[in-house]
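The values are calculated or read from the model by the stated rules, or taken from the named source; none is laboratory data. Note that the coordinates shown come from a computational prediction; the quantities given were computed from them, not determined experimentally. Note: ideal-geometry Cβ built from the backbone for every residue, glycine included; neighbour counts use all protein chains shown.
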Amino acid sequence: MHSLFNVVKVDASTDGILWVQFSEINNQDNCFFVCVVYLPPEHSARSVNINDFFDTLMSKIYTIPNGSPLYLCGDWNSRVSDIEDYIQGIDLLPERNVVEFTPNSYGDLFCEFFSNINCCILNGRNFINNAFTFVSSRGSSVVDYCVVPYEKLPFFKTLKSFEQEL
């Protein structure tokens with residue numbers, strides 16, 4: 001990948017949010033942005049104000065050049081269950097195939113945030129490899145998500161976790 005793209009860290013000023021820009025080596029105007037996120041669990045010693053966290057993320061999203069694709073991924077510690085990540089009746093998106101049915105308080109805020117900025121969850125919209133993202137002796141859950149703008153959803157045909165490749 002590095003031989004095809006210039007890879008630049010754009011912003012790491014907020015703990016838990018890292019923005020990276022990938023630009024074609026021969027065409028710097030053709031680029032896309034990836035945001036890697038770690039949102040600490042609600043009641044952990046590292047917990048943050050989730051509203052401030054999402055406000056910071058939204059501010060950065062609005063600074064991305066118009067038309068440049070973006071992709072957000074990471075550990076959001078948000079359990080969304082079957083909460084809608086879009087505005088039903090207005091946005092036309094394929095349904096998610098849900099594997100976990102225990103939401104947490106971050107889940108509502110997570111889905112509301114992404115529906116407000118016209119982004120949606122990829123997890124569960126690929127019926128081939130839909131699975132839990134966290135598995136331990138304490139149980140299984142989905143807390144790691146990939147998120148894209150609504151209009152970019154058709155470009156993502158398959159979504160596989162690293163573990164599914166092993």
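Considering the range 19-43, the residues that are over 21 Å from PHE110 (Cβ atoms) and under 20 Å from the mean Cα position of the chain (by Cα) include one that is surrounded by the most Cβ atoms within 10 Å (Cβ to Cβ), namely GLN21. Here THR63 qualifies as surrounded by fewer than 13 Cβ atoms within 10 Å (Cβ to Cβ), among the hydroxyl-bearing types (Ser, Thr, Tyr) and farther than 21 Å from LEU153 by Cβ. Of the strands (runs of 3 or more DSSP E) entirely within the range 3-51, those holding at least 1 residues that are over 16 Å from LEU72 (Cα atoms) and among the charged types (D, E, K, R) occupy 17-24, 27-38. Flag: SER23 does not match the condition of being modelled with pLDDT under 85 and among the small types (Gly, Ala, Ser). When LEU109 is tested against the conditions (1) at pLDDT below 90; (2) within 14 Å of TYR145 (Cβ to Cβ); (3) not in a loop (DSSP other than H, G, I, E, B), the lone failure is (1). If you go through the range 63-82 and keep only what is over 11 Å from the mean Cα position of the chain (by Cα) and within 24 Å of ASN27 (Cβ to Cβ), you end up with THR63, ILE64, PRO65, ASN66, GLY67, SER68, PRO69. Quick check: anything in the range 79-101 closer than 22 Å to GLY16 by Cα and outside any loop (DSSP other than H, G, I, E, B)? Looking for residues that are closer than 22 Å to GLY16 by Cα and outside any loop (DSSP other than H, G, I, E, B), one finds none in the range 79-101, hence no.
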